[in-house]
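Peer 1: Below are the structure tokens for one structure; questions will follow.
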Amino acid sequence: MKNNRLYIILLLFLSGFYSLSAQDLLKLIEQEQKDTVLYTLATFKATRIAIGQSVETRKKGVLEWQFMSRFWNIPDRRTQSFIADKVSARIGLVYGVSDRLSFGLGGTTWDGIFDGFLKYRLIWQRTDKKGAPFSITLFQNASYRSDSYPNITATDNFRNRLSFTSQLLIARKFTPNFSLQLTPTYIHRGSLLFPEDRQNLFALGLGARYKVNNHLAVVSEYHYLTNPIRAVDTFDAFAIGVNWEASDVILQFYLTNARNIEVGNFSTQTFNNFNFNDGNLHFGFNFTYVLHLKKKR
Amino acid sequence: MNKTITLILILIVRIGCAQEPDQYITRQGQASFFSYTSVENIQATNNQVLSIIDLSKKEIAVSMLMRAFVFEKSLMEEHFNESYIESDIYPKATFQGQIQDFDPSINGEQTRIVKGQLTIHGVTRETEIKTKIEKTGRTYVLSGDFELRIKDYEIKVPPILARNIAKTISVTFSFKYIPYEK
């Protein structure tokens, strides 16, 4: 009896070995699967979260056309303006020199600031559980203020009109739906509107994205300035909005208190707080069109 | 006594079978898909498809990483992975099945039906694929094409892009198998 049972077990065991089912073939394949380097895709979808830079760079040979705008009202003013009293728009381009290096430039209407920048992906987060758990992109820009300051006592030569912003964009895609970015920022301002103003400022940006569905994401940004300029009261820049993308177009809609579009300016010179009063509430809209100049294959 | 003989016989058969290569593998199989619409043509190719066939069982298994599909436009590749196939959640497409009436000994061409389960985007469906099998020496080449409806695999396309992405995607594949050594 005992022998019989042993026999059946052995028989089953042996014949089990003998017949590999398709299920087992699939398991066999899994073992054959090589480890491939998979860089995390789309920590953010656009090269901007809303108002500030995101960790994303454009791939090689990709040209991005960017239109960024702000609309706001002037308080207590009887105007005939349609929708908004004031409009500021920046038209810019971003070009992917390589998969890691991007170059961009643009000009803004309202504050007359022209800016150019380089973005370099230093560390790229990987989804294959190996390598870096987060991404780091270096950002360096230079901006030129074409408008003169109203203050006649301020010196205003070419050097004074330049300012430089360096950023370390550190981001992690925690889940397919949620990404977070920390942005330590150093700003050097060439111009001093008032003598007591600081030339070197430090800020810390915080940005996040939450994907609501496959095409829509909620984004928010906050830029904390550690040592604000002294002559006037400034506020930290804040933005909240949605990103929507499909095909070659990315649309971003948001509410913010930042009037300037260039990063060094909105981080240091946002003179109004974020609330729903006229003059403080700014509606922002970014339109990005992506062109592939070089196609693979 | 009889039992012992049976056991020994099974052992002998088992060892005997293990000695000749039953399994053939491809590590660089090619799979492409095409979406043709009047607005836009989308196509992508994966050159790293893994597949094993078992000649004695007439079985086949295929596995491919969705991230290994290369598109003409890098943004398309990003959209494909991020917004449609969701490769973070469903990294692979797999197939397992049986080659019907397959005779591994036939040299040259034979066309057979492969019946099995195709899993894409986490959805498994019974599929029948007409496959051309070509034997030359110690290699087998399996190739063919089939169509699949993206709706069947719960891949959602926003209404605004409904005209850009075909409802039926055509897939072509070509796998060249060599004897599998572990």
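Peer 1: Taking into account only those residues within segment B:67-80 that are among the hydrophobic types (A, V, I, L, M, F, W, C) and facing chain A (nearest Cβ under 10 Å), which is surrounded by the fewest Cβ atoms within 10 Å (Cβ to Cβ)?
Peer 2: Among residues in segment B:67-80 that are among the hydrophobic types (A, V, I, L, M, F, W, C) and facing chain A (nearest Cβ under 10 Å), the one surrounded by the fewest Cβ atoms within 10 Å (Cβ to Cβ) is B:Val70.
Listed here are the residues, each with its yes/no results for (1) within 17 Å of A:Leu291 (Cβ to Cβ); (2) buried (at least 18 other Cβ atoms within 10 Å of the Cβ).
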{"site": "A:Gln31", "(1), (2)": "no, no"}
{"site": "A:Phe44", "(1), (2)": "no, yes"}
{"site": "A:Trp65", "(1), (2)": "yes, no"}
{"site": "A:Ser88", "(1), (2)": "no, yes"}
{"site": "A:Phe103", "(1), (2)": "yes, no"}
{"site": "A:Thr109", "(1), (2)": "no, no"}
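Peer 1: Say whether the condition of being open to solvent by 70 Å² or more (accessible area, probe 1.4 Å), within 14 Å of chain A (Cβ to nearest Cβ), over 16 Å from A:Thr127 (Cα atoms) and in contact with a Ser or Thr (Cβ under 9 Å, 6 or more places away or on another chain) is met by at least one residue in segment B:88-95.
Peer 2: The answer is no; no qualifying residue exists.
Peer 1: Please enumerate the residues belonging to segment B:122-163 that are in a loop (DSSP other than H, G, I, E, B) and either of a type outside the set (Gly, Ala, Ser) or within 21 Å of B:Tyr24 (Cα to Cα) (or both).
Peer 2: B:Gly137, B:Arg138, B:Glu154, B:Ile155, B:Lys156, B:Val157, B:Pro158, B:Arg163, listed by residue number.
Peer 1: Taking the conditions exactly as written (within 14 Å of chain A (Cβ to nearest Cβ), open to solvent by 20 Å² or more (accessible area, probe 1.4 Å) and touching a helix residue (DSSP H, G or I) at 6+ places or on another chain (Cβ under 7 Å)), does B:Ile178 satisfy them or not?
Peer 2: No.
Peer 1: Of the conditions (1) open to solvent by less than 20 Å² (accessible area, probe 1.4 Å); (2) more than 7 Å from every other protein chain (Cβ to nearest Cβ); (3) without any contact (Cβ under 8 Å) to a residue 40 or more places away in the chain; (4) within 26 Å of A:Asp24 (Cβ to Cβ), B:Leu50 fails just one. Which one is it?
Peer 2: It is condition (2) that B:Leu50 fails.
Peer 1: Given the residues A:Leu281, A:Leu216, A:Leu201, A:Leu192, which is the only one that is in contact with a helix residue (DSSP H, G or I) (Cβ under 6 Å, 6 or more places away or on another chain) and either at pLDDT below 95 or among the hydroxyl-bearing types (Ser, Thr, Tyr) (or both)?
Peer 2: Of A:Leu281, A:Leu216, A:Leu201, A:Leu192, the one residue that is in contact with a helix residue (DSSP H, G or I) (Cβ under 6 Å, 6 or more places away or on another chain) and either at pLDDT below 95 or among the hydroxyl-bearing types (Ser, Thr, Tyr) (or both) is A:Leu201.
Peer 1: Looking only at residues in segment A:120-136 that are outside any strand (DSSP E or B) and free of Cβ contacts under 8 Å to residues at least 40 places away in the same chain, which one is most open to solvent (accessible area, probe 1.4 Å)?
Peer 2: Here the residue is A:Lys129.
Here is a yes/no grid of residues against (1) open to solvent by less than 70 Å² (accessible area, probe 1.4 Å); (2) more than 30 Å from A:Thr57 (Cβ to Cβ):
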| site | (1), (2) |
| --- | --- |
| B:Ser38 | no, yes |
| B:Lys57 | yes, yes |
| B:Glu82 | yes, no |
| B:Gly97 | yes, yes |
| B:Ile106 | yes, yes |
| B:Val114 | yes, yes |
| B:His121 | yes, no |
| B:Thr131 | yes, yes |
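Peer 1: Only one residue in A:Phe82, A:Phe71, A:Phe139, A:Phe117 is modelled with pLDDT of 95 or more, away from every other protein chain (no Cβ under 14 Å) and either closer than 30 Å to B:Ser87 by Cα or surrounded by fewer than 21 Cβ atoms within 10 Å (Cβ to Cβ) (or both), so which one is that?
Peer 2: Just a single option satisfies the conditions, and that option is A:Phe139.
Peer 1: Specify the residue that is farthest from A:Thr268 (Cα to Cα); the eligible residues are those in segment A:162-218 that are surrounded by 15 or more Cβ atoms within 10 Å (Cβ to Cβ) and of a type in the set (D, E, K, R).
Peer 2: A:Lys211
The values are calculated or read from the model by the stated rules, or taken from the named source; none is laboratory data. This structure is a prediction, so every number in the text was calculated from the model and none was measured. Counting neighbours? That spans all protein chains shown, and the Cβs are built from the backbone with ideal geometry, glycine included. What goes into the accessible areas is simple: the full protein's heavy atoms, side chains included, and nothing from ligands, DNA or RNA. Shrake-Rupley method; radii C 1.70, N 1.55, O 1.52, S 1.80 Å.
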